[in-house]
Every structure is written in structure tokens, then in C-alpha cells.
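Visitor: Before I ask anything, let me first share the structure, which is written out below as C-alpha cells.
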Amino acid sequence: MNAQHNSSNTLAIVGLVIGIISLVFSLIPCLGTFAFIPGIVGLVLGVIALLQAKDNGHPKGMAISVVVVSILACLISVFQIFFFSNAASKLKTERKEYTDCQVLKEDLTVSLKELKAVTKDIDKGNSPLENMKKVTQLGFTIDHIKKESVRLECDIDFENMESAIEESESTSENPTDKKDDRSQTEESNDEE
């Protein structure tokens, strides 16, 4: 009878080690998706140890902890799998092929403004997980715009992105000033 207790205890110890390793790996972004399989192995070992302990009337505490830790590791791993696959599918659907440099520049300006707003939101500490997703998506969008600008041979200075945001904000704040400048230029051309 003591040999069966040692057998279920050994299964519980091995399952607990695998479950803890799986739980630690499940908490690491991207790498956590691979923690699902060891989590299942730990869960199976924990259930077997629990059944053996129940049949033999031995303590079930360690076997229960193996089951709980392994289930937790599997749940976190599944969450990461769905989170990253969902983010990847959103990124694929949001890409568009540009045919005009002006539209490309406008989309770049909008993306940069959004990035600046999200960065300010992150600095305030508001919803970090949601903002992390937005920053990732905006990063991929800006990278796509860069690739499209090379393909279309657009003249865009990506090195001065910050000044491009400030410039676009100042022109959007004073659209009437630009219109007045254009009308004055047209009047001076008419006089000549």
C-alpha cells in the first residue's frame, strides 16, 4: 500500500513540476502559446495522481494543486493563442494597397496622430492592454505605409515623423489661413 502512495505522490510531484514550468512559460508573451502541451501533460498526471490517491484513501492535496496549476497554465496559454491570432487577423484585414501618394500621406498623418494620442494615454496609465494592442496595430500600419511609399516612390521623410505630426496639426487648426494665402496669391497673379 505504501508503494501505491509513493506512486501517486511521485506522479503528483512530476505533474506539479511540469505544471509550474508550464504556468511560468504561459505568462511570457508569445512564448506562452507553447505552454499548452506541457499544461495538458501536467493535468493528465494530476488527474491520475488524484484518482490513485482517492482510491487508496491517501491525501489528495498535492494532486489537486497539480490539477489547478495545470488548468491555469492551459487557460493562460489558450488566451494568448486567441489574443495573438485575433491581432494577426485584424492586421491582415486592415492593410490596403495604395495608388496615390497623397492618400498615403494622409493615412500616415492620421496614424501618427493616433499613435501620439495612444502614447499620451499610456503615459497617463489608462488601459495598458488595450493601448498595447493599438500601438502594435499602428506600428504595423506605419510599417505598411513605409513599404507602400517605397513601392509608389513617394517622397516622404519618415525620419521627421514628429515634426510631420506637429505640422499636420498646425495646418488642420488653421485651414482658413491657408485658404486666405491661396486667395491672396491668386489676386496678385490676376493683377500682374
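The values are calculated or read from the model by the stated rules, or taken from the named source; none is laboratory data. Bear in mind that the values here come from a model prediction, so they are computed numbers and not experimental data. Cβ sites come from the backbone with ideal geometry, for glycine too, and all protein chains shown count toward neighbours.
Visitor: Do we find a residue being surrounded by fewer than 12 Cβ atoms within 10 Å (Cβ to Cβ) and either of a type in the set (Ser, Thr, Tyr) or within 22 Å of residue 16 (Cα to Cα) (or both) anywhere in the range 64-84? Walk me through how you get there before you give the answer.
Guide: Of the range 64-84, the ones surrounded by fewer than 12 Cβ atoms within 10 Å (Cβ to Cβ) are 82.
Adding the requirement that they be either of a type in the set (Ser, Thr, Tyr) or within 22 Å of residue 16 (Cα to Cα) (or both) leaves none.
No: zero hits.
Visitor: Would you tally the residues in the range 32-51 being buried (at least 20 other Cβ atoms within 10 Å of the Cβ) and over 21 Å from residue 85 (Cβ atoms)?
Guide: 6
Visitor: Being part of a loop (DSSP other than H, G, I, E, B), over 27 Å from residue 160 (Cα atoms), of a type in the set (Val, Ile, Thr) and without any contact (Cβ under 8 Å) to a residue 40 or more places away in the chain is true for just one of 28, 71, 37. Which residue is that? Can you show your working first?
Guide: Values: 71 fails: part of a loop (DSSP other than H, G, I, E, B); 37 fails: part of a loop (DSSP other than H, G, I, E, B).
Unique residue meeting the criteria: 28.
Visitor: Quick check: anything in the range 144-164 at pLDDT 75 or above, among the aromatic types (Phe, Trp, Tyr) and surrounded by 10 or more Cβ atoms within 10 Å (Cβ to Cβ)? Steps first, please.
Guide: First, the residues of the range 144-164 that are at pLDDT 75 or above: 144-156.
Checking the rest, the ones that are also among the aromatic types (Phe, Trp, Tyr) come to none.
No, there is no match, as no residue in the range 144-164 is at pLDDT 75 or above, among the aromatic types (Phe, Trp, Tyr) and surrounded by 10 or more Cβ atoms within 10 Å (Cβ to Cβ).
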